[in-house]
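Worksheet for the structure shown next.
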Amino acid sequence: MPFARPLFRLLLLIMTLAALAPGWAAAQIESTIVKTPQVTAELLAYAPQGVPVGQMPKTEADGQDESATPVWVGLQLTHQPGWHTYWKNSGDSGEPTQLEWTLPPGVMAGDIAWPLPRRIAIGNLANYGYEGTVLLPAPLIVTPQYRPRPLDNALPVHLKATWLVCQRECIPQSGEFDLRLPIAGSTALSGPVFQAAFAAQPRALADSAARATVNGQRLQLRVTGLPKHLQGTPLTLFPETPGIFVTAATPVQPGAVLDARTWRQAWQGTVWMADLPLAPDRVDAPATLPLVLEADNASHSQGWRVQAPVDGAWPPAAARAQALPTLAPSTQADAEVTQNAPSRASANVSWRVFLWALLGAFVGGLLLNLMPCVFPILAIKVLGFARHAQDRRAHRLSGLAYGAGVVVSFLLLGALMLALRAAGQQLGWGFQLQSPAVVAALAALFTVIGLNLAGVFEFGRWLPSRVLALEARHPVVNALLSGVLAVAVASPCTAPFMGASLGLTIALPSAMALMLFAAIGIGMALPYLAAGFIPGVAWLLPKPGAWMETLRRLLAFPMFGTVVWLVWVLGRQSGLDGAAALLALLVALALLLWALALTGRARIVITLIALGVLAAMWPVAWPLAVNLQPLPAAASSAGNAPAGRWQPWSPDRVQAALGAGHPVFVDFTAAWCVTCQVNEKTTLARADVLAMLDAAGVQTFRADWTRRDTAIAAQLQRLGRSGVPVYFLQAPGKPPVVLSELISEQDIRTALDRL
């Protein structure tokens, strides 16, 4: 054919270019840049010799320095003026940047090689972090097991990074990044940036000897082997273990009197010595302290890392949180579990505490039936009992099926939460409603249920007769699904006694944690199990009749009320436009369901119109409804009080208030938590309660957990809690006091009297 020869030449040219592509790949690396108003984040790479395939990786025993590692990747953070992110030990507040890598089999990422931080003072607090531009490098370990496919000319790297950026307020942010490292080609454009990061890392002192001695509430430190040119030079100390020292302690001259917020250093020949105050809220007692020492002068900054074994007995550690027995429904279970709320690293829970936690979980699940969240599900159960008013067997089967649905759903939801936590996610109870997509889907589901109960359409018109016959033979399926739906809607609420038990799941082995979730489910299902097996309940119900159809339509309105609540929750997450978009979609959905219930030609015409409207609205309305970008604090705040009454919560603000001598009251809330909203509209909105707090000089803060917030999740964990509502009152220099989930005026008054 006349065009065969040109086609063959073109094909040959394409094959030649493909063969040469690895050599050009260095110029084709794609890196994703994530920009926010506070930070520009970029994933960089440094592999001057390409990717070593089939070679043994270098180890520390090989005596190589950082720059000798053949492949490096790193997240570069460029901060806007006044903003900062955090070092591995963030200091008085904040949390370190986290890097989660996705790499091919045979390739592993090492730990972050943290550059030297700087001390950032904020009021009476101090943090360790970075301003300006910083690179957080991490080595890629390419093992001999890495086998790229024959046509692969690059190593794919995916990074999910999360960081907390702060000024006076703190904003959790995240980003995902992708790049491809050429296997046979140099990647060295970012070499100067990586070399600067390597130079900024602390060096291990080969001949150093360090020792720490605990003396009461202070720690004396001695370090030898530092370079001679440092003798007589003041050093800055950065402890890698958080919460050991008073981060904001002020340095004083040798010979000055020391107190709980001052420290001093001195040189005695070649020995550097320091006397440091221990943090009053310290909870750890390490046997060895890893420390970084830095010397600053006008020309350069250099740091050294030492390991200091600790002599002497640590003083008793502070409790993480204390519960006043009179402030919560006073059972030994809640008090004991709260007082023994463990840290993430502690998994040693006594059986006595665990049994009390099981009892608290069971009672909490029982009381969950009285929470406002569960009221819509009660409507479904009332209708189910009415349908089988005189059928004891049907009652028993329905109760068992509903109980199974509740318990299994609690177990599955708990297992999912534990699995996501194990993967590094900061999640708490009710996490599913922190997703606008889940809220929107539940609103659509309850709209469909409400329209069905109101008689707008019948599922029987759409379902095959085989399915309908199966449902008639096995009505327990409806009861099972109603139990699943009950957990989906009720789980965000935290009833009394549940809070401390759920908080304990952080430190328990998975099997024991799942037993707590099962206990909550058994408690919630117990009233319906009892109703199914107690004949007196059936005798109280009238015989089935025409009144049931009226009851069915009446019970549609609790469903529509739930839709109103869910749309309001979505409005707090995605804004007014998001709520309006969801309402428009629900109207289109209702039109479609109504059209499907018609008969004749009108059904086809109106159904096609409804489908067209829904298809046209979806690309615009759905992204608005499930807006993935958090709203500004002012727009999404859960506060319902006058402006200025409730300050937006952040660790810095709370610590600043405590440092200024003010007690603080913190309300951890969420729009999807009905119990939270009831407490805020009643107890926390009363003029006499607010006047009582003002008279005691208490500053009030509100932490809105409507959308996911890792800082709030971490603080709840430190309080030994896993969900909202949570309220605590804290005086300067004292641990926080956790109050009851159903807070009352007397609770607050008693707590204030004990400050």
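The values are calculated or read from the model by the stated rules, or taken from the named source; none is laboratory data. On a predicted model such as this, the values are computed, not experimentally measured, just so you know. With ideal geometry, Cβ positions are generated from the backbone for all residues, glycine too; neighbour counts draw on all protein chains shown. Ligands, DNA and RNA are stripped out before the accessible areas are found, and what is left, the full protein with its side chains, is counted by its heavy atoms. Shrake-Rupley method; radii C 1.70, N 1.55, O 1.52, S 1.80 Å.
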Notebook entry, point to check: Given labels modelled 7 Å from the Cα in the Cβ direction, how far is it in nm from ALA441 to ILE604?
Noted result: 3.5 nm
Note to self: If DNA, RNA and ligands are ignored and the probe is 1.4 Å, what is the ranking of TRP622, TRP83, TRP568 by accessible area, most exposed first?
What the structure shows: TRP568, TRP622, TRP83
Check: Just in the range 649-755: which trypsin sites (Lys or Arg not before Pro) are loop by DSSP and have at most 14 other Cβ atoms within 10 Å?
Finding: ARG686, ARG754
Item checked: Accessible area of ASP275 in the full protein assembly, 1.4 Å probe (Å², nearest 10) -> 20 Å²
Next item on the list: Just reorder LEU583, LEU514, LEU608, LEU116 by solvent-accessible area, largest first, 1.4 Å probe, all chains present.
Entry: LEU608, LEU583, LEU514, LEU116
Next item on the list: With only Lys, Arg, Asp and Glu charged, each at its Cβ (+1 for the first two, -1 for the last two), find how big the charge dipole of the range 83-179 is about the Cα centre; round to the nearest 20 debye.
Entry: 180 debye
Note to self: Solvent-accessible area of GLU458, probe 1.4 Å, all protein chains present, reported in Å² to the nearest ten, please.
What the structure shows: 70 Å²
Next item on the list: Starting at the first residue of the range 515-526, write each ³J(HN,Hα) from the Karplus equation 6.51 cos²θ - 1.76 cosθ + 1.60 with θ = phi - 60°, in whole Hz, x for Gly and Pro.
Entry: 5, 5, 5, 5, 4, 4, x, 4, x, 5, 7, 4
Next item on the list: Heavy atoms only, probe 1.4 Å: what % of the accessible area of the range 239-312 goes to carbon and sulfur, would you let me know?
Entry: 55 percent
Check: Efficiency by 1/(1 + (r/R0)^6): what FRET value for GLN307 and GLU176, r their Cβ-Cβ distance, R0 = 25 Å, to the nearest 0.05?
Finding: 0.10
Checklist line | Hz values of 3J(HN,Hα) by residue in the range 659-672 - Karplus curve (6.51, -1.76, 1.60), Gly and Pro given as x | finding: x, 7, x, 9, x, 10, 10, 10, 10, 8, 9, 7, 5, 7
Notebook entry, point to check: About its Cα centre, what dipole magnitude does the range 130-255 give when the only charges are +1 on Lys and Arg Cβ and -1 on Asp and Glu Cβ, stated in debye to the nearest 20?
Noted result: 360 debye
Check: Can you pull the accessible area of TYR128 for me, 1.4 Å probe, Å² to the nearest 10?
Finding: 10 Å²
Note to self: If each residue of separation counts as 0.36 nm, what is the full-extension length gain between ARG553 and LEU258 once their alpha-carbon separation is subtracted?
What the structure shows: 98.7 nm
Check: For VAL408 and ALA511, FRET efficiency with R0 = 25 Å and r from the beta-carbon atoms, rounded to 0.05?
Finding: 0.95
Notebook entry, point to check: Using 7 Å Cα-to-Cβ label points, what is the ALA660/ALA415 separation (nm, one decimal)?
Noted result: 5.0 nm
Item checked: Förster radius 25 Å - calculated FRET efficiency between GLU131 and THR241, Cβ distance, rounded to 0.05 -> 0.60
Margin query: Quick check for you: with a 1.4 Å probe and neighbouring chains kept, what is the accessible area per residue of the range 713-755, in Å²?
Written below: 32 Å²
Next item on the list: Could you tell me which of rounded, prolate or oblate describes the range 162-278, using a ≥ b ≥ c as the square roots of the eigenvalues of the alpha-carbon gyration tensor, with rounded for a/c under 1.5 and, failing that, prolate when a/b is larger than b/c and oblate otherwise?
Entry: oblate
